[in-house]
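Visitor: This is the structure I want to talk about, given as structure tokens.
The values are calculated or read from the model by the stated rules, or taken from the named source; none is laboratory data. Because the structure is predicted, anything quoted here is derived from the model rather than measured. Cβ placement follows ideal geometry from the backbone for every residue including glycine, while neighbour counts extend to all protein chains displayed.
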Amino acid sequence: MSLFKQLHNGRYILLLLLLSPILYGQHTIRGTVRDGESGTTLAAANIQIDGTFSGTITNDNGGYILDLPELPATLTVSYIGYATRSVRVTAQTGEMLDISLTPVLYELSPILVTDEDPAVNIMRKVIEKKREWRARLNTYIADAYTRQLLENDSGIVSISESVSEAFWDREKGSREVIKSKRQTENLSSENNFAAASYIANFYDDDIEIQGFRVIGPTHPDALKHYDFKLVGRRHRDDRVVYDISLEPKSKLQTAFVGRIAVLDEVYAMIAVDLKPSESLIYPPPIQEWNVHYRQQFSNFGQDFWLPVDVRIEGRIKFGIIGLSFPAVGYRQISRLTDYRVNVPLPDSLYRSGDLLRVDSSTIAAPFRAEENEIIPLSREEELAYREIDSTRTFAKAFKPSGPLARFVDFEDDDNQASASAGSSGSVLTRYLSYSPQLWYHRVDGTHLGLKISTPERYFLQFYAEGGYKFDLERSAYGGGIRLRAGKQQPFIFDAGYHQGSQPRYRGDNASLLLNSYTVLTGDDDFYDYYWNAQFHSAVSYRLRKLRATVTLGFSSEDHRSLAKTTDYALLNPGHVQPPNPAIPEGVLRAGRLTVAWGDDYVPFGIVGQNRARLEIEHSDPALIASDFSFTR
């Protein structure tokens, strides 16, 4: 063999050696898990890689995708009521691997009937076992995949997905770093709230559901608060699985109802199917929260029983008196895998109160479906990704109904949905106009009010308004008059009083109604707020030939600080709103001179405008007993 050939072959061999971890170290398999007798697909079947904390679950159609870090590997496939199966995967195994499980039927021994339901003693052992192993669990890191779907009566409205790394610390709580996102075209990346940190771990003592702390089925005091009943027995291999129902002992108790599955001998809770009890009353504008939570647990052959998944499905309805939105169908599936247990966590994760962070080094990269579709999409979901575009807005999908719906005008402008509530409303009678006042933010919570006014065509106008702020627990009210006088009405006299919260500044790009959407979907509140009890009066004179108006006014305002009252968000419940900053408190009395020339003001700068405005404001403690002194 020539020297050239030896070198050439040497390079070739070296190249193969270098590439071998890539060529043979990663193997992706996919397939379907079925009932071996009927052929029925098995949803949420558990697939684990032996000797690791890694695995996956099947989707609603029994499909799965799994990346194997090295070959050969052994998969353990389990499902309650079926014999667990071990499957060997080698380099010769194809990409498609369908798996059949055999139903197991065992003759169960009779249950000894006593005064105490057998489930009580079973749960007593579950709680004790949990106390033992949970005391040794300090931290973990896991890889997570989450998919969320919103639906209406016609089908899927939006899909959002995320790939992330989840962190948990016994003392500090949960954090999550989002690595990659994907969503249908009618959602922006900022409105993609798919995340695993917001899911509950039903092995926790206290479980947070939409801002409420609910006692869990394995809480140390669970036997005091729940009625547990043994309702059935199944098998997983040669072990009995107890099916136990639970409901609160008191109808007023904030708790769960449903079923849990407990594995005999080790007395571990391996699955839950629960929903909040009817005693859980959600804050306005939520009218209905009919949601089921399903979750599975595995010890991965180790000491700790950790969440494998969570599957959430249900119907959410919200509205207020006179204004109702269509029910929102909600589905979420999250998969947790590749656990690293009792490892140090980065201190930087806990420097802020935010549960979520975005990895800027990876989030900009395209979402690669072949790598990140850890739970396969269904045919319906694949079709939704192909067909849903930016014109399929939420405004179209969830149009409101009811007597007040006419006041809330949802319009599409350049394929971007916007919502507004008119300041004058519709003329319901010849002499009066009505308009609702509806918004939500971190200080007021839900504000519901009504404004009544006379049409602008009359020389004498008046208005009156009132409302209630449910989280702030305060009423707001006000009223005023406007009088036009003189030939062609050049004189205008205004006077009014208003007491309520108000933004510290106004912005064209976010009305209080639009800001409500921002807050409810989990973004930061756009405004800061203060309480203002204000009297104002002004006299204006219109110089028609000069297209100018001169106004002389006076106001007396009592300013008070307000604190944040709520962090609640409908779609992003873990988000913490920033505090509402304090203001300099006191009575502000000031005189004001304003000269305005040109066109009437049009917001957003959507058309050209020729206009100018000069305003001088003066406050003097000695002259008008103000707590503030300034000229601006």
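Visitor: Consider region 288-309. How many of its residues are in contact with a Ser or Thr (Cβ under 7 Å, 6 or more places away or on another chain) and either more than 23 Å from D169 (Cβ to Cβ) or not assigned by TED's automatic domain parsing to the domain that holds V163 (or both)?
Guide: Residues that pass the stated criteria total 0.
Visitor: Please find, among M123, M96, the residue that is loosely packed, with under 11 Cβ neighbours inside 10 Å, of a type outside the set (S, T, N, Q), at pLDDT 90 or above and touching a strand residue (DSSP E or B) at 6+ places or on another chain (Cβ under 6 Å). Steps first, please.
Guide: Values: M123 fails: loosely packed, with under 11 Cβ neighbours inside 10 Å.
Exactly one of M123, M96 is loosely packed, with under 11 Cβ neighbours inside 10 Å, of a type outside the set (S, T, N, Q), at pLDDT 90 or above and touching a strand residue (DSSP E or B) at 6+ places or on another chain (Cβ under 6 Å), namely M96.
Visitor: State all residues of region 222-237 that are over 35 Å from the mean Cα position of the chain (by Cα) and without any contact (Cβ under 8 Å) to a residue 40 or more places away in the chain; if no residue qualifies, say none.
Guide: The answer is G232, and nothing else.
Visitor: Could you pull out the residue among E381, E373 that is out of contact with any helix residue (DSSP H, G or I) (no Cβ under 8 Å at 6 or more places or on another chain), modelled with pLDDT under 80 and closer than 30 Å to Q296 by Cα?
Guide: On the way: E381 fails: modelled with pLDDT under 80.
After ruling out the rest, the residue left standing is E373.
Visitor: Name every residue in region 470-503 that is in a loop (DSSP other than H, G, I, E, B) and either assigned by TED's automatic domain parsing to the domain that holds Y282 or at pLDDT 90 or above (or both), in order of residue number.
Guide: Kept after step one, since they are in a loop (DSSP other than H, G, I, E, B), are these residues of region 470-503: 470-473, 486-490.
Selection gives F470, D471, L472, E473.
Visitor: How many of the residues making up region 21-42 are modelled with pLDDT under 90 and either in contact with a helix residue (DSSP H, G or I) (Cβ under 7 Å, 6 or more places away or on another chain) or in a loop (DSSP other than H, G, I, E, B) (or both)?
Guide: Count: 1.
Visitor: Does region 69-91 hold any residues that are touching a residue at least 40 places away in the same chain (Cβ under 8 Å) and more than 21 Å from N299 (Cβ to Cβ), and which are they?
Guide: E70, L71, V89, A91
Visitor: Right, another one. Answer with yes or no whether I65 is outside the structural domain of D264 (by TED's automatic domain parsing) and under 22 Å from P307 (Cβ atoms). Outline the logic, then answer.
Guide: Details: outside the structural domain of D264 (by TED's automatic domain parsing): yes; under 22 Å from P307 (Cβ atoms): yes.
Spelling it out, I65 is indeed outside the structural domain of D264 (by TED's automatic domain parsing) and under 22 Å from P307 (Cβ atoms).
Visitor: Go through (1) at pLDDT 80 or above; (2) of a type in the set (S, T, N, Q); (3) more than 27 Å from L562 (Cβ to Cβ) one by one and return the number of the condition N415 breaks.
Guide: (1)
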